[in-house]
1. Towards the positive end of the charge dipole of the chain, with charges on Cβ (+1 Lys, Arg; -1 Asp, Glu), say which of Pro64, Ala301, Ala11 has the farthest Cα.
2. How do Arg172, Arg142 stack up against each other in accessible area, from largest to smallest, with a 1.4 angstrom probe?
3. For the pair Asp226 and Glu84, how long in nm is the line joining their label points, each one 7 Å along Cα→Cβ?
4. Nothing charged except the Cβ atoms of Lys and Arg (+1) and of Asp and Glu (-1): what's the magnitude of the dipole of segment 237-291 about its Cα centre? Round to the nearest 20 debye.
5. Taking the Cα centre of the chain as the origin and placing charges on Cβ (Lys, Arg +1; Asp, Glu -1), which of Ala138, Pro49, Leu79 is farthest toward the positive end of the dipole?
6. Before anything else, pin down the relative contact order of segment 2-285: Cα pairs under 8 Å, at least 6 apart, normalised by residue count, whole percent.
7. Residue separation times 0.36 nm, minus the C-alpha to C-alpha distance between Tyr257 and Glu312: what's the value?
8. For Arg16 and Tyr141, calculate 0.36 nm times their separation in residues minus their Cα-Cα distance, and state this gained length in nm to one decimal.
Amino acid sequence: MVAVRLLDLDAVAMQRQGIIPGYAPMRGQEAAQVGSAAALDRSVDFAFPTYRELGVAIELGIDPVSYLASHQGAWHGGLWNPAETHLAPLNAVVGGPVTHAVGWAMGARLDHTDGVAITYFGDGASSQGDVHEAMNFAGVYRLPVVFFCQNNGWAISVPTEAQVAGGSVAARAEGYGLVGNRVDGNDVVAVYRATEAAILRARSGGGATVIEAMTYRAGPHSTSDDPGRYRTLDEEQEWLARDPLTLAEARLRELGYVDAYFTGVEAQARDLAAEVRNGVAALDARPGEEMFDFVFQAPTASLLEQKRSWQEASRG
Ligand SMILES: Cc1ncc(C[n+]2csc(CCOP(=O)(O)OP(=O)(O)O)c2C)c(N)n1
Ligand SMILES: [Mg+2]
């Protein structure tokens with residue numbers, strides 16, 4: 001979580017310094033992301049992220065430079081291999097990863113594997129039609145899915161209260177025949193336990209769970225957003241008191257961890273952030289052909305034609 005915090009802060013700094021053109025900060029959501037991803041069995045389960053999932057990527061062992069390559073503009077969706085790492089490409093379509101996860105889970109069922117899909121989405125995404133259809137489909141077919149909603153209080157400038165009728169995303173689960181569970185999204189252990197239980201349930205044929213992790217987007221929606229235009233400093237500061245890193249540190253200190261441990265963790269995270277910064281700054285543009293190469297497993301005739309004409313035009 002400390003490494004994720006520092007990498008996230010540095011990604012914002014890199015955007016301000018012109019090294020990367022844009023970034024969606026996740027500060028405040030470290031416990032929700034790291035705690036949930038830690039519960040996955042990376043050999044069989046598969047995660048479907050949104051555009052704000054640095055913590056999930058790091059916890060799943062993705063090279064941070066590969067993750068940030070999409071923000072640097074070197075590649076859309078990230079430079080890691082989803083098939084090997086079990087993390088799907090970044091998805092900036094709000095609600096998009098939810099349908100993909102349900103489709104993947106249907107495939108897992110048909111292939112008789114015991115893999116579970118976890119899909120990340122926000123409180124805002126929970127209003128999308130796709131998400132309702134995906135939950136209903138998962139309920140009807142009793143699919144192995146964990147619908148992991150990070151309720152971070154905001155969908156850009158729209159507060160959750162203004163768009164989640166009924167006040168709870170988890171409560172909707174019942175209507176789809178799913179189990180709903182609202183957890184403290186800033187408590188990494190609570191998130192881990194809830195996700196672990198949902199995964200075990202899905203793996204043993206018990207169906208899908210909707211987890212609503214109550215957290216807060218401590219920074220702006222993206223590096224082009226100014227939250228001062230729609231929320232108060234008081235609100236932001238109230239959440240700072242429940243910073244997931246502070247809570248985790250207090251818990252570890254209770255267990256007997258002392259200063260030397262925390263300074264060691266921070267030093268390691270700082271070294272990593274410096275290494276990642278150099279790696280991101282050194283990323284070259286990818287060959288342009290790649291925008292055609294990875295659309296379909298077997299390219300269509302019209303795509304090949306587009307590639308040919310693009311090659312001709314770029315030579316000219
Ligand atoms: C289908 C679609 N509609 C609208 C957008 C523009 N958009 C990007 S993020 C966002 C808000 C999403 O809020 P939420 O689901 O709560 O996730 P958060 O950004 O808080 O992590 C919107 C409307 C989009 N990317 N895709
Ligand atoms: Mg949100």
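The values are calculated or read from the model by the stated rules, or taken from the named source; none is laboratory data. Because the structure is predicted, anything quoted here is derived from the model rather than measured. Here the Cβ is made from the backbone with ideal geometry for all residues, glycine too, and neighbour counts use every protein chain on show. The accessibility values were calculated without ligands, DNA or RNA, using every heavy atom of the protein model including side chains. Shrake-Rupley method; radii C 1.70, N 1.55, O 1.52, S 1.80 Å.
1. Positive-most Cα among the choices belongs to Ala301.
2. Arg142, Arg172
3. 4.4
4. 160
5. Ranked along the dipole, the leading option is Ala138.
6. 25
7. Using 0.36 nm per residue and subtracting the Cα-Cα distance, I get 13.6 nm.
8. Here the segment from Arg16 to Tyr141 would lengthen by 40.3 nm.
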